[in-house]
Structure formats: structure tokens, C-alpha cells
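Note sheet for the following structure.
No value in this document is a laboratory result; all are computed from the given coordinates. Only a predicted model underlies this, so the values are computations on that prediction, with no experimental measurement involved. Quick reminder, even Gly has a Cβ in these numbers, built from the backbone with ideal geometry, and neighbours come from all protein chains shown.
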Amino acid sequence: MGVSNFVLEPEAFSLFRVFAPEDNQPLCIIDFGSKSTTLSFGDRYGLQSSHSLDVAGEKIVKNISEKLNLELAAAKELLDQKGFEASEEEVIHALTNAMSSLVSAFNESWRTLRAREVVPDQRPRVLLAGGTTRVPGVQDYLQGALKTKVQVARPFDKLDYPSILEPVVQDIGPAFSVAVGASLRNF
């Protein structure tokens, strides 16, 4: 009879394992998934709040596909290559609607955390993780809308790898943020 270990943990814990701030500035990690997006707030003491939104890459692609009468693959390619720089108004509209929902949820969550005095009064720094992070213009849009510093997650920065891999690591990094955090878990 064999015994095997099985560990299950929310993705937000893995993300904070990689990106927990070392200073007093609060942090919000926006993890864009294909089915949902998770907002996770915390500070150097760890995760304070996390919740998922019905804002996701697949939903944005489906909206573009329907509005422009495109196959899903073509809509995804248009989104991934053009993003907020697209000439098609429908792409900009789909992205703006999704990001507006995200910004509203961010602001509401932040107000709640501040009212409960769970985090310092300083506006949080924002890290973007997940696949939609790569869509052109998303980082700039969110930085303007959230009125705070927004950066793309770099989960491999604390790991050693050959320097020749730097361009690939920076490109795929945001999509592997949770996996890197899970790999750093002490068992």
C-alpha cells in the first residue's frame, strides 16, 4: 500500500510567496486567467484579501469574436497582437469594458480594506500576472485608471537561470507566476 501526499492551496498564496513586498507599501496582484481574474491584496505580513471577478481573457475574446464576426482563434490573435492599439472599435470597447469592471472592483476592495484598517493608508503597488498581461496597452491603461504604479510580474527574478534565456523568461514570466510560487512552497 503506497502513501502519497497531495497539497492544494489557493493561487493567491503562491503569488504572495513570490511577490510579498519587503517594505510597508501594500501590494495588489491582479492575476488574469482565462476564466476569471483574481485581485489579491496584501502587505509584507502576507495576503489580506482575495476575490475573483468574472473578467477574463476568454470572455474578452468571445466578445470580440461576436462583435466582429470572427472565429475565436482570429479574435484571440487580434487581441494578443493589437490590444488597446487595435483600429477596430469593437476591440477597444471589449477591453475597456473588461478593464472598467476590474478597476471598479479594485477601488471597492481597496476602500473596504482601508475602512477595516487592514492595510496602510498608502495606495498599493500593482503587479499584473497571467496571460492577459501580455495584451498591448493593458499595463498603461490600468496604470492610468488605478492611479498607481503598475508593473508586470517577474516571478523568475529570485531564481537562477542562464542569461541567454532572459527574453523568453520575461515573455512567459507573468503566465508562470502561480507555478513559480507553488514551486517555492516548503513541504
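Among DSSP beta bridges whose residues both lie in the chain, state the antiparallel percentage, nearest 5. Walk me through the numbers before you get to the answer.
Details: 13 of 22 bridges.
Antiparallel bridges: around 60 percent, rounded to the nearest 5.
Please report, ordered by residue number, every helix of the chain (full DSSP H runs) that is 30 Å or longer along its axis going by C-alpha atoms and whose mean Kyte-Doolittle hydropathy reaches -0.5.
Those that clear 30 Å and a mean of -0.5 are 89-115.
In terms of Cα to Cα distance under 19 Å, which lysines are near enough to Lys62, apart from those fewer than 8 places away along the same chain?
Those lysines meeting the cut-off are Lys35, Lys76, Lys82.
So what is the relative contact order for the chain, in percent, with contacts set as C-alpha pairs under 8 Å and at least six apart?
Working: 287 pairs, mean separation 46.4, N = 187.
Once normalised by length, the contact order is 25 percent.
In a Gaussian network model over the chain where Cα atoms closer than 10 Å are linked, find which of Leu95, Leu68, Leu127 has the largest mean-square fluctuation.
Leu68
Taking the Cβ of Gln170 as the center, what net charge do the other residues with Cβ under 13 Å away carry, scoring Lys and Arg +1 and Asp and Glu -1?
Taking every other residue near Gln170 into account, the sum is -1.
If a/c stays under 1.5 just call it rounded; otherwise compare a/b with b/c (prolate if a/b is bigger, oblate if not). Do that for region 11-183, with a ≥ b ≥ c from the square roots of the Cα gyration tensor eigenvalues.
In terms of gyration-tensor shape, oblate.
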